[in-house]
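First comes the structure, then the notes that go with it.
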There are 2 protein chains.
Amino acid sequence: MPITKWEQTAPGIWRLTIGEPQGITPLTWMGVAPKDEALQQMPQVEPPFAWDRVQLEEAGGRFILSLPLNRTEKLYGTGLQLLRMNQRGRTRFLRVNSDPKQDTGETHAPVPFYVSDQGYGVWVDTSRIVTMHCGSTLKQEDRQHEEIRDRNTDKGWKATPVASRVEIQIPAEGAVVYLFGGPTLSEVVARYNLMCGGGVLPPKWGLGFWHRVPTLYSDQQVLEEAEQFRLNDFPCDVIGLEPGWHSHSYPVSYEWEKSRFPEPASFVKELAQKGFRVNLWEHPYVSPQSELYAGLQPLSGTHTVWGGLAPDYSLPEAAELYKKQHEEQHIQIGVSGYKLDECDGSELTNNSWMFPAHAKFPSGLDGEQMRQMYGLMFQKMTADLFRSQNRRTFGLVRASGGAASTMPYVLYSDLYDHKQFIRGICSASFSGLLWTPEVRRARNAEDWVRRMQTVCFSPMAMLNAWGDGTKPWSFPEVEGTVRHYIKLRMKLLPYLYTAFAVYRELGIPPFQAMPFVLTPEEIADAEAKLALDEQQLLNTTDAAYGKKKAREWDDQYMVGDALLVAPLVEGETEREVLLPAGIWYGLETGERYTGGRVIRVQAGLEHIPVFVKSGSIIPMTAALSHVPAPGTLTEIELVHFGTEPCTARLYDDDGETYDYEQGKCSWWNLSVTIDQDGHYIGAWMGENDGSSSYQKVTWRFAQTHLLMNEQQ
Amino acid sequence: MPITKWEQTAPGIWRLTIGEPQGITPLTWMGVAPKDEALQQMPQVEPPFAWDRVQLEEAGGRFILSLPLNRTEKLYGTGLQLLRMNQRGRTRFLRVNSDPKQDTGETHAPVPFYVSDQGYGVWVDTSRIVTMHCGSTLKQEDRQHEEIRDRNTDKGWKATPVASRVEIQIPAEGAVVYLFGGPTLSEVVARYNLMCGGGVLPPKWGLGFWHRVPTLYSDQQVLEEAEQFRLNDFPCDVIGLEPGWHSHSYPVSYEWEKSRFPEPASFVKELAQKGFRVNLWEHPYVSPQSELYAGLQPLSGTHTVWGGLAPDYSLPEAAELYKKQHEEQHIQIGVSGYKLDECDGSELTNNSWMFPAHAKFPSGLDGEQMRQMYGLMFQKMTADLFRSQNRRTFGLVRASGGAASTMPYVLYSDLYDHKQFIRGICSASFSGLLWTPEVRRARNAEDWVRRMQTVCFSPMAMLNAWGDGTKPWSFPEVEGTVRHYIKLRMKLLPYLYTAFAVYRELGIPPFQAMPFVLTPEEIADAEAKLALDEQQLLNTTDAAYGKKKAREWDDQYMVGDALLVAPLVEGETEREVLLPAGIWYGLETGERYTGGRVIRVQAGLEHIPVFVKSGSIIPMTAALSHVPAPGTLTEIELVHFGTEPCTARLYDDDGETYDYEQGKCSWWNLSVTIDQDGHYIGAWMGENDGSSSYQKVTWRFAQTHLLMNEQQ
């Protein structure tokens, strides 16, 4: 089938319309303008392949879009993928799924956007399920005879042949496809994020520590637990309430349960006075006991969930009912945000905890579309609510999708494998998503401290004790280490906040998987050194088809552009780390490493391996018990690592409002130079327009580690 | 939408045509006539519900068929289901899947046929994927307010609400739906099997012991290993060869590798002389090195698998090429059958080991249809080949579907959980399928002997040592027990063979899950006594939604109508057994039990709990090293259990041909009566038409156990 012409919409972005796309899509639902200015400043690039190498055909009433692949190309992305990072060779069935235990592509946050390490990406903007065959299909005409080997005797036989195309199954009605150029992978992702409006800038308090209390706690129990944080010297900014705050749950009422929370307004106010924000859990299904029920009933889908309505929030009148109730009963009394649970239910893995694909909604959407869009709908509705008050929010969501980079939400899961949770930080970074490896409980002190270390270097540092009643100090033998890392996060807030500001302005994610900073060749070299012989496990019950998965370096990641985090999990005392080229220091050990190779590091329980790039400037502050109110003067320490001159940027604003969109924010250029006498000179260049409360900058030069004990 | 009229096609069977069904379906592909005579003898029953309670609507271009459910009704079937037996409350996505690790309904053998414990069943005969919402959807109009509970405080809250309907998603073009009446569940399944042509009667040797040798064994190694069976006094009837017999594999050639098998004909003949049949592994994908390649190439699908062709065997000319080659190179030299592997590849879980759903085939079928039908196609082609020679075959297949009850194939899986493997025996019985819990290797001697005990009481007693090189005597500490149970299987062959003859004639499966012999009330009573409080695990990381699964009694099953098998797995020394009403004896212990309740039994490694119903007659024979050639006189011992008079049936024929279809077979009525002096009198009534070699019947009356040591 001849392909409709690709149309260039911005530097390095091309659009192809297939069929006659209908209804809402992630991009149209978000309704956010692209960050044109930043896009215009990106390099002009050519399309990654000749247009005639892209083919379109119809099959079984659907469209199949075929795009070329080279032999060694790796494909990342496709949303949050907890089970693998490189999707090459896999078919990704991009259906939202709340229980994604098998490696099918199903996930809490499917995004039909793959990013090639060759420096381009392909996104299908649709509300329907897309299946992406990421080099997992071979056609007769692709066959290269010399590659067909005999498994019986040829040691070179591989279970997964190398395919030469991606085949994307586009929904029957069609879809809009975007192609993003690079030249680097980082620029591909940046273009995608900028086209979707840029990255989110959370409120500063959102980057502090979060604690979710047991579901049936009363206001007094919450206040007492909050007090324990202060008494025990554990920072905490946000307290999350779980289902028990509702008068009815599963399905929910969105109304305060008066026996546990007789005076919600004064409860929220009292916590605010102590420096805590309140976050409220909810899910989409409306109880007959809710005041909203009668109004939403005619605006809901044919099917119920837990007996509750599944409202059609693509209808403005339904959204208005939801927003009005939330504004009056939660936001006006000071609630800071939401945890949006179970908008990702899977009809397949989770019984009846979701409406079926064939459910019908008053707007004309069906269950498949509504499921794929539900998480985005709740994010957008709640974000708009807070925006209308000129207050930023930050919260949690269990389902997301495309075009979500501006949303102030972090993904989480009921799964709980620590390695998968680390991989989530990596995989989310390719698709405009944020992920928290939340801590809930642990098998032992080692498991506890390892999980806590990871979560402190993630988009949201949270203990979710809703069901297990844990506290950060639950394992006394590691209490000091846990406190240390929560405080280290507080100290690094100026650095983290700047990384998010870069996300917002340039679309570059604050947390990045290694392919953002390594070339395909560097990754291939590191893999080759560690590759196991695929044959060694072939023909056994354990591995009938041989070893399936090469090491992907999906267990380490960048935080901003200067820190590399390589967590350990329970049972490990050492690990391999792939360090990019250059000189690196152990952030807390001061040990010096030459990068561009794989190193092996040891770390006892008191330590998570974090590396800082020589030639970095890390802005830090004191480890307060919570983020101070806007206007509170904040001392900044700028720590220069290594011996060379360098530059960096630092961002600040009021930390709470959207005034930065009107330019009320400060960007400083930091630099370290060396004068002719060999003295280091630090410069802090830029103007504080009054939005920042940073002051009293001190410098530390030529450091190799943080000297953490000084400040503890 | 008004429903097209239901049409009665046989006693207790109604047909509904929805839309305009196209293309081949399991039933049309099999082309087997219903067993009308047996169907006519079944009871006339009324439809299970008023026709107006069945609704049909269109949604998203598909049809949704809605059928009523009562509150406590259980739904079984939907094909081989390894993860649960009762599908009530679950959505079953009935896609063929080679790696069905999650409980979605995907399976090696999806059959869109659910069987209600209320005595009816519903089957959709289509080559497309069907989604059955088995009481997992609730519509607004179904909502019963009094059932919506508050999870926060109401202990009666349940994660899965009780739904009042099944919703079946029918393919866009439509499908034919069959409704089967009972009145009992057993009769529902019998009607389904009879409509599909009745059950398969394997050759007698197929019920002996099977051993598959390591994949790269040469003819000499195979012969030596076969000899070891005789030397070690382990019965064995079939030797299976794995991929290494092909000149090329993955993709395959179907041609003998001359370096390992220089003289296939004499190799097969030599094994035959020693009492061994040869079974050949194969998969569907044709190597460019195969002589078949050139002819099949234009008759194949657009996509390749492992570089091999995926032929369109719905085309008679393609099937003829396949059959001619197989006949000439395998069957004419004495090969007894096949193991049909990888016809169930999943594009989702297994990379590129299957063509995609959008693949196109010359007949007009697409990849979805071909995947759902592939296993059935290979079964039918190979069964027809042997039938044309008037030789029965018996083999293995990894994919199956509807209308498969006449097929001489047993399902298997690369999965290896012993509990799941036991459940497979149970779940397969509802859908006209057979399943083997094959043994491959073990963690230790206990695991080994427990798996061996189970497999000896299954449709195919097989050790599959293709990758691990195990032998039945691999664990010397349990060698005696393993030998004992393989020999016990040989002794029970007349009983087993009769159970299969009943399957063939009456459609009643030879292996049956407990709902075949227990009423819903009996099962509910047993469940209630053992039910765990669903709340006890609620609100923890382990069980965020509470305990998910009630005990289903899916770990014990009937073999024929007299034996109940309750396997143990590694780590267990005792277990609960739900015994149906009546008196039961431990088959080998002689212990007497009163049924109609749950008992607890102990069993050391030397013992698998098997129970025999008082008032049964078990026909037995000697434990030979293999099934003797037709015409070899065979002594039969009839063992009467208990003290009451009773009757039973015994079947025999030549054991190898289809002559029984022309009536060359013998059915005997056995009876035990008690004369006025209190003596037992055994009667063996019926005629041997010459097809049977059974002779010299001896009786043992009023037994409580087998006295196995007598004959060993």
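Protection proxy ranking for B:269-281, A:173-185, using the average of other Cβ atoms within 10 Å per residue and placing the highest first: A:173-185, B:269-281.
Multiplying the residue separation of residue B:70 and residue B:58 by 0.36 nm and subtracting their alpha-carbon distance yields 1.9 nm. Between residue B:324 and residue B:3, the simple spin-label model (points 7 angstrom out along Cα→Cβ) gives 4.9 nm.
Projecting the Cα atoms of B:80, A:383, A:297 onto the charge dipole of the protein assembly as shown (Cβ charges, centred on the Cα centre) puts B:80 farthest toward the positive pole. Kirkwood radius for the stretch A:150-239, taken over all pairs of different Cα atoms as the inverse mean of 1/r, rounds to 19.9 Å. The eigenvalues of the Cα gyration tensor, multiplied by 5 and square-rooted, give the stretch A:7-195 an equivalent ellipsoid with semi-axes of 28, 19, 17 Å from largest to smallest. For the residue pairs A:101/B:155; A:339/A:664; B:269/B:491; B:101/B:419; A:139/B:360, the C-alpha atoms sit more than 18 angstrom apart in A:101/B:155; A:339/A:664; B:269/B:491.
Under Stokes-Einstein, with the Kirkwood radius over Cα pairs as Rh, the value for the stretch B:1-89 at 4 °C and 1.567 mPa s is 80 µm²/s.
Per residue, the convex hull around the alpha carbon atoms of the protein assembly as shown comes to 174 Å³. Each Lys and Arg contributes +1 and each Asp and Glu -1, all at the Cβ; summed about the Cα centre of the stretch B:555-656, the dipole is approximately 500 debye. Is the C-alpha gyration tensor of the stretch A:191-282 telling us rounded, prolate or oblate? Criteria: a/c under 1.5 is rounded; beyond that, a/b larger than b/c is prolate, otherwise oblate. Because a/c hits 1.5 or more and a/b fails to exceed b/c, the stretch A:191-282 counts as oblate. Counting charges near residue A:621 (Lys, Arg +1; Asp, Glu -1) among other residues having Cβ under 12 Å from its Cβ returns a value of +2. When the helices of chain A are scored as -39500 (n - 2.57) per DSSP H run of n ≥ 4 and the total is divided over every residue, the value at 222 nm lands at -6000 deg cm²/dmol. Accessible surface of residue A:417, taken over heavy atoms with a 1.4 Å probe and every protein chain present, rounds to 70 Å². Hey, how much of the P(r) for the stretch B:616-711 falls beyond 21 Å, as a percent of Cα pairs? Cα-Cα pairs of the stretch B:616-711 separated by over 21 Å account for 39 percent. Extension gain for residue A:622 to residue A:676 (0.36 nm times residue separation, less C-alpha to C-alpha distance): 16.1 nm. Between residue B:606 and residue B:155, what FRET efficiency comes out of the Förster formula 1/(1 + (r/R0)^6) with R0 = 60 Å and r the beta carbon distance, rounded to 0.05? Once rounded, the FRET efficiency stands at 0.85.
Summing Cβ point charges (Lys, Arg +1; Asp, Glu -1) relative to the Cα centre of the stretch A:7-195 gives a dipole of roughly 660 debye. Across the identical copies, the label point of residue B:697 (7 Å from Cα in the Cβ direction) is separated from its matches by 10.4 nm, in order from shortest. Panel note: contact residues of the stretch A:292-312 (accessible area lowered by at least 30 Å² against the chain on its own; 1.4 Å probe) correspond to A:293, A:302, A:303, A:304, A:306, A:307.
With both residues required to sit in the protein assembly as shown, DSSP beta bridges show an antiparallel share near 75%.
Our estimate of slack between residue A:597 and residue A:51, defined as 0.36 nm per intervening residue step minus the Cα-Cα distance, is 192.8 nm. Each residue of the stretch B:99-105 is assigned a 3J(HN,Hα), and the resulting list reads 9, x, 8, 10, 7, 10, x Hz, derived from the Karplus form 6.51 cos²θ - 1.76 cosθ + 1.60 (θ = phi - 60°), x at Gly and Pro. A simple charge model with +1 on the Cβ of Lys and Arg, -1 on the Cβ of Asp and Glu and nothing else charged puts the dipole of the stretch A:616-711 at about 240 debye relative to its Cα centre.
Other protein chain C-beta atoms within 10 Å of residue C-beta, averaged over A:331-343: 0. Toward the positive end of the charge dipole of the protein assembly as shown, with +1 on the Cβ of Lys and Arg and -1 on the Cβ of Asp and Glu, the farthest Cα among A:426, A:157, B:612 is that of B:612. Karplus-based coupling profile of the stretch A:504-518, in residue order and whole Hz: 4, 7, 10, x, 8, x, x, 10, 9, 5, 4, x, 5, 10, 10, with θ = phi - 60° in 6.51 cos²θ - 1.76 cosθ + 1.60 and x standing for Gly or Pro.
Accessible surface calculations at 1.4 Å, restricted to protein heavy atoms, place the protein assembly as shown at 32 Å² per residue. A simple spin-label model places pseudo-atoms 7 Å from Cα toward Cβ; at residue A:544 and residue B:294 they are separated by 3.4 nm. Along each principal axis, taking the top coordinate minus the bottom one, the Cα set of chain B gives 75, 70, 53 Å in descending order. Backbone geometry of the stretch A:358-369 corresponds, through the Karplus equation with coefficients 6.51, -1.76 and 1.60 at θ = phi - 60°, to 3J(HN,Hα) couplings of 8, 4, 10, 10, x, 6, x, 5, 9, x, 4, 5 Hz, x marking Gly and Pro.
Each chain gives up part of its surface: B and A jointly bury about 7100 Å² of accessible area, both sides summed, for a 1.4 Å probe. Per the 1.4 Å probe, what fraction of the accessible area of chain A, in percent, lies on carbon and sulfur atoms? After summing per-atom areas, the C and S share lands at 48 percent. Think of the stretch B:168-284 as a dipole: +1 on every Lys or Arg Cβ, -1 on every Asp or Glu Cβ, centred on the Cα centre; then among B:177, B:284, B:251, B:177 lies furthest on the positive end.
Summarising the amide proton neighbourhood of residue B:138: residues at separation of 5 or more, or on other chains, whose placed amide H is nearer than 5 Å comprise A:304. Between copies, the label points of residue B:328, set 7 Å from Cα on the Cα→Cβ line, lie 8.5 nm apart, reported in increasing order to one decimal in nanometres. If R0 is taken as 51 Å, the Cβ-Cβ distance between residue A:661 and residue B:147 corresponds to a FRET efficiency of 0.60.
The values are calculated or read from the model by the stated rules, or taken from the named source; none is laboratory data. Because the structure is a prediction, the values reported are computed rather than measured. We place every Cβ from the backbone using ideal geometry, glycine too, and count neighbours over all the protein chains shown. In case anyone asks, the SASA skips ligands and DNA or RNA and just uses the protein heavy atoms, side chains included. Shrake-Rupley method; radii C 1.70, N 1.55, O 1.52, S 1.80 Å.
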